[in-house]
Amino acid sequence: MAPLTGITILDLTHVLAGPFASHTLQDLGARILKVERPGLGDDTRAFPPFKAGQSAYFATLNAGKQSIALDLTDDADRAIFEQLLARADVLIENFRPGALHRPGYGWKVVHARHPRLIYASVSGFGQTGPEAGKPAYDMVVQARGGVMAITGEADGPPVRVGASIGDIAAGMFLTQGILAALYDRERTGQGAQIDVAMLDAQLAIQEHAVALAATTGVAPGRTGARHPTITPFSTFRARDGFVVIAAGNDAMFARLCEVLGLQLATDPRFASNAARCENHALLKRLIEAVTLGETVAGWIKVLDLAGLPTARVQDMTEVLQDPQLLARQMVLPVTAAPGGPAFTAPGNPIKMSTLPELSFRPPAPALDGDRQAILNWLARA
């Protein structure tokens, strides 16, 4: 039995932040009942790429969930929803703040009727504050939260991080809040309201940028692949591409100098991390004068033997064939529904002695495809 076996999640979310949270909870054993809009469903059902007319984006985030389509303005559907509220442990929603108040399902009303239910909300700007009602997407909070200002090359424009960290970071924090609320309910018998803002999450993940700006009064700028406070910690040109070298302390730097045949470990310009950061451009030129003489594969072999953190820059087709990831069941097939296509999805990164390892994911649900099964479950209450 997985840790969350027996926990039922009523998932009213769509697109990414909320579905990512429920996806993680499902990997830990929870049952996810995905409540979707009749006729339309989750927006991501229409997101490319498509395979046999079905969205790979939707399939990877929603594999194994159950779908029921409900119109909360319809009396019959409201009656079903009321039954679901009575049976669920957690409600997750990512509507604009106040949207669920209109049909009568705001936190205070729901908590009064179902005091053990955990009510988890994720939104762009949170449930409070002067801009709580503003709409947001991933790129909006990356920009507003300072992430884009430190992403990209120093002489280039601000760049969005390639992964949707505005949504994903919020989804991770939402998951943590839900797990804490489930634990707290065991002691108090009461559910809690959880309010996670995508904007808040962007600030929370920027450890070095906050420290630099708050301490110096100067906003850190873009540094490309280079770490702003550790040197050498960047990509370096090899004969046929780029190799990442991350020498995180003085001992590693000394070992790197030995591997490269450079007499720099005791040079005052590079003898400490602070000095190396001050002279990072010169140090990179000196290192690349050596690394350009060998291939990426050659440097990976040498640096690995020296115990130095290193990697080649892989694209996603290479990542999906990475032997370390394959060995840890991190690339999984999403089995095909009858008459439908199969997909590929990430595995569960949370490895626990009490959590069975996944070898595949069940198919994503058809819109409203589990209505009868869910109604039968409610009838057995």
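Structural remarks
- Gain on full stretching of the segment that runs from Asp322 to Arg78 - 0.36 nm per residue minus C-alpha separation: 83.1 nm
- Helix axis angle, 207-216 relative to the chain longest principal axis, alpha carbon, degrees: 60
- The equivalent ellipsoid that matches the C-alpha gyration tensor of the chain spans semi-axes of 46, 25, 18 angstrom, in descending order.
- What you get for the range 233-313, charging only the Cβ of Lys and Arg (+1) and of Asp and Glu (-1), is a dipole of about 160 debye around the Cα centre.
- Calculated FRET efficiency for the pair Glu288/Thr216, C-beta based, R₀ 51 Å, to 0.05: 0.95
- Three-way shape label, the range 207-286, alpha-carbon gyration tensor, a/c 1.5: oblate
- Beta bridge orientation in the chain: antiparallel %, DSSP, nearest 5: 40
- The chain: angle of helix 75-87 to the longest principal axis, Cα-based, in degrees nearest 10: 60
- A simple charge model with +1 on the Cβ of Lys and Arg, -1 on the Cβ of Asp and Glu and nothing else charged puts the dipole of the chain at about 200 debye relative to its Cα centre.
- Electrostatic bookkeeping for Gly145 treats Lys and Arg as +1 and Asp and Glu as -1; over the other residues with beta carbon under 11 Å from its beta carbon, the sum is -1.
- Estimated distance in nm for a label pair at Val302 and Ala342, the labels positioned 7 Å out from Cα along Cα-to-Cβ: 4.3
- Nearest-ten-degree value, helix 165-188 long axis tilted from longest Cα axis of the chain: 60
- Formal net charge of residues neighbouring Ala169 (Cβ-Cβ distance under 13 Å; K, R +1; D, E -1): -4
- Candidates Leu355, Leu70, Leu286: whichever shows maximal mean-square fluctuation once the chain is modelled as a Gaussian network with Cα springs under 10 Å: Leu286
Read the figures in this text as sums done on the coordinates, not as results from a lab. Computed from a predicted model, the values in this text were never measured in an experiment. Every residue, glycine as well, gets a Cβ built from its backbone with ideal geometry; the counts of neighbours run over all protein chains shown.
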